[in-house]
Amino acid sequence: MVIMTTTSSATFLPVLERIAEEISHTPGRGRPADYIPALAARDPRSFGMAVAEPDGTVYGVGDWREPFSAQSITKVFTLALDLAREGDELWEHVGREPSGNPFNSLVQLEYENGIPRNPFINAGALVVTDRLQTRTGDAAGELLDFLRAESGNPALDFDTEVAASETAHGDRNAALAHFMASYGNIDNDIPVLLDQYFRQCSIAASCADLALATGFLARHGIRADGSRLLSRSQAKQVNAIMLTCGTYDAAGNFAYRVGLPGKSGVGGGIIAVVPGRCTLCVWSPGLDERGNSVAGVAALDRFTTLTGLSIF
Ligand code: DON
């Protein structure tokens, strides 16, 4: 099913339809994340893909209106919100290099003195959320307000079941936070930080919502209402970190296959940016062993191949 929300141009709709058709014949779809039990129940055959144009036109195919757990995709938005507030001081607390390790790895933190490699592995995202929490008093609430405004969807919300499931299985994130606190790189009480982080990850949103919410990165830092969130240079920086770190220890392969800044989440979503042109969000819950959606990466690969739109 294809639904358009506006009557203006839907340039890439025929491409999306072709991709959905191709994906429907793809047998291997990976497995939904099961380390958070609330995510394990999703059907790996679900598939949706949306494109948002810089003027707010959004359209899509398949399950593009179906909410799913945004998870690590939210790390892009907390990074942007914190960077907008504190600027380059953030980089004294978190690096900008690919980690080459799984998203929840502890191993580099000790020999790198509690400074995580980048803002998209869990350790780095915890630092960003901690700093946003210090500045706003409610990092997750700030994020939710931003996503509602950018997507134009006031119904977006936290998924309390997913957040509770994460809390119940949160030993590794707690370990990361405590370890960084021992180096003085966390300001807030750990239970407060973890509550903010788990609620952040639990936000349920659709491909349409997330493609629209990512629009400021295609508009070089400009929000949906025309105000500026990031400088042009900061928008470039966030896009660059998405390209090099957004899909963890598969970022090299993602750049090779897709050639766009992208960010995945274990809910099976991936956002991607064609700077100056459009944003995309694709969702299919089956993951590969690195935590990236199998059909999602395949669909983005086909999109840049069929359109010629990559940054390379
Ligand atoms: O920290 C966690 O374990 C999750 N809430 C987020 C993980 C995630 O989405 C990593 N992505 N691929």
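Key figures for this structure:
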{"read-out": "Part-to-part distance (alpha-carbon centres) for the range 11-81 and the range 214-284, which is given in Å", "value": "14 Å"}
{"read-out": "Neighbour net charge for residue 142 - beta-carbon separation under 10 angstrom, K R +1, D E -1", "value": "-1"}
{"read-out": "Karplus 3J(HN,Hα) series, Hz, for the range 89-101 with 6.51 cos²θ - 1.76 cosθ + 1.60 (x for Gly, Pro)", "value": "4, 3, 6, 7, 10, 8, x, 9, 10, x, 8, x, 10"}
{"read-out": "5 angstrom amide H check on residue 121, placed H, neighbours 5+ away", "value": "none"}
{"read-out": "No Cys partner within the rule (Cβ under 4.7 Å), the chain", "value": "201, 245, 278"}
{"read-out": "Exposure proxy ranking, count of Cβ atoms within 10 Å, fewest first, for 68, 146, 312", "value": "312, 146, 68"}
{"read-out": "Separation in nanometres of the label points that stand 7 Å from Cα toward Cβ, at residue 9 and residue 104", "value": "4.4 nm"}
{"read-out": "Candidates per trypsin sites (Lys or Arg not before Pro) in the range 29-62, loop by DSSP, up to 16 other Cβ within 10 Å", "value": "45"}
{"read-out": "Top positive-direction residue, dipole computed over the range 2-307 with Cβ charges, set 15, 247, 123", "value": "15"}
{"read-out": "For residue 267, residues with placed amide H under 5 Å, excluding near neighbours", "value": "72"}
{"read-out": "Choice from 118, 185, 104 showing the highest fluctuation, given a GNM over the chain with Cα pairs closer than 10 Å", "value": "104"}
{"read-out": "Cβ-based exposure ranking for 222, 19, 271, 73, in which fewest neighbours within 10 Å come first", "value": "222, 19, 73, 271"}
{"read-out": "Computed [θ] at 222 nm, helices only, for the chain once each DSSP H run of length n ≥ 4 contributes -39500 (n - 2.57)", "value": "-13500 deg cm²/dmol"}
{"read-out": "Ranking of 305, 247 by count of other Cβ atoms within 10 Å, fewest first", "value": "305, 247"}
{"read-out": "Assigned charges on the beta-carbon of Lys, Arg, Asp, Glu; the chain dipole about Cα centre (debye)", "value": "860 debye"}
{"read-out": "Fluctuation leader among 61, 297, 15 - the chain, Gaussian network, Cα springs under 10 angstrom", "value": "15"}
{"read-out": "Reference-scaled alpha-carbon Rg (2.2 N^0.38 Å with N residues) for the chain", "value": "0.91"}
{"read-out": "Within the range 106-175, trypsin sites (Lys or Arg not before Pro) in DSSP loop having at most 15 other beta-carbon neighbours inside 10 Å", "value": "none"}
{"read-out": "With at most 15 neighbouring Cβ atoms within 10 Å, loop GluC sites (Glu not before Pro) (DSSP) excluded, longest segment of the chain", "value": "113-288"}
{"read-out": "Kirkwood hydrodynamic radius (C-alpha pairs) into Stokes-Einstein, the range 47-117, 25 °C and 0.890 mPa s, D in µm²/s", "value": "160 µm²/s"}
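Only the coordinates and a few stated rules stand behind these numbers; no lab work does. It should be emphasised that the depicted structure is a prediction, and the values quoted were computed from it without experimental measurement. Note that we place each Cβ from the backbone using ideal geometry, even for glycine, and neighbour counts take in every protein chain shown.
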